[in-house]
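Since the structure comes first, as structure tokens, the remarks are kept for the end.
The values are calculated or read from the model by the stated rules, or taken from the named source; none is laboratory data. None of these values were measured; they are calculated from a predicted model. All Cβ positions, even for glycine, are placed from backbone atoms using ideal geometry, and neighbour counts span all protein chains on display.
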Amino acid sequence: MNYKQVIKKLKELADPEKVAFKAKKFNIISNNSIGVYHKDLKVLAKEVGLNNELALELFDSEIYEGRLLCSKIFRAKDVTNDLAEKWVVTFENWEICDSFCMGLIAKGPLAKKKIVQWTKRKKEFEKRAGFATMAAYCMADKKAGNEVYESFLPIIKTAATDDRIYVKKAVNWALRSIGKRNVDLNKLAIATAKEILKFDSKAAQWIAKDAIKELEGDGVNILDYPRSIYRV
């Protein structure tokens, strides 16, 4: 499918009522949205296939759903620093932030670099992008050693007092994801959460309590990455 065909398809799927529903139900506030659900974009992405040139055209259309579709059809290995920076400053809600971070940044060559850089950002969704990438990287790189994830724990502690909802939720998400990667990181993540629990901050208290509840819970699903060490 070419650009015109994809835009035509998006407009066929469009429903303004979906824009209002997503805003009310999920607090997804977006500019230039035409109203296409994420699940329908996934179906369309499979139909279109990976296509970097088309993905960039769709991003530049400035149609919200076109940008979401870009995150699904661009090849993660081809993400450049310039592209990552072009994208991150446009993130206006958690949906598009997480779609790019989980689908592209965490799976691409710049994951660790952008985690370090973006978690220091001031703007809410740029900072969230760093922690969303961190959370997704726990599954994206199945061979990385524990030292990589251990290096993220001080970053999490530093950000734990940020009370902006989409930052603190991503910080919590990253901490829980690290704690579910393997048994050793589980112990370290719990220890980090208990240190955060001592902070005089409502955000820190919530992040820590929620993480401890899951990571110490009977039903927690602890994985075994890297398998060269944890699966014998």
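Values for this structure:
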item	result
Candidate set: segment 135-157, residues that are assigned to a helix (DSSP H, G or I) and without any contact (Cβ under 8 Å) to a residue 24 or more places away in the chain; chosen: the one farthest from the chain's Cα centre (by Cα)	147
Residues of segment 116-133 classified as assigned to a helix (DSSP H, G or I) and either farther than 13 Å from residue 156 by Cβ or touching a helix residue (DSSP H, G or I) at 6+ places or on another chain (Cβ under 6 Å) (or both), total	12
From the options 46, 77, 9, 72, residue that is in contact (Cβ under 8 Å) with a residue 12 or more places away in the chain and either hydrophobic (A, V, I, L, M, F, W, C) or farther than 24 Å from residue 126 by Cα (or both)	9
Residue 49 being modelled with pLDDT of 95 or more, on the phi > 0 side of the Ramachandran plot and surrounded by fewer than 21 Cβ atoms within 10 Å (Cβ to Cβ)	yes
Subset of segment 9-34 (residues that are hydroxyl-bearing (Ser, Thr, Tyr) and at pLDDT below 95)	30
Residue within segment 193-206 that is of a type outside the set (Phe, Trp, Tyr) and under 17 Å from residue 102 (Cβ atoms) present	no
Set 201, 228: member being surrounded by 15 or more Cβ atoms within 10 Å (Cβ to Cβ) and out of contact with any helix residue (DSSP H, G or I) (no Cβ under 8 Å at 6 or more places or on another chain)	201
Criterion violated by residue 45 - all others in (1) part of a helix (DSSP H, G or I); (2) under 20 Å from the mean Cα position of the chain (by Cα); (3) closer than 20 Å to residue 92 by Cβ; (4) of a type outside the set (Lys, Arg) satisfied	(3)
Residues of segment 158-198 satisfying the condition of being part of a loop (DSSP other than H, G, I, E, B) and either among the basic types (Lys, Arg) or surrounded by fewer than 15 Cβ atoms within 10 Å (Cβ to Cβ) (or both)	163, 164, 180, 181, 198
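Quick grid of which residues meet (1) within 19 Å of the chain's Cα centre (by Cα); (2) outside any helix (DSSP H, G or I):
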position	(1), (2)
36	no, yes
50	no, yes
53	no, no
58	no, no
68	yes, no
71	yes, no
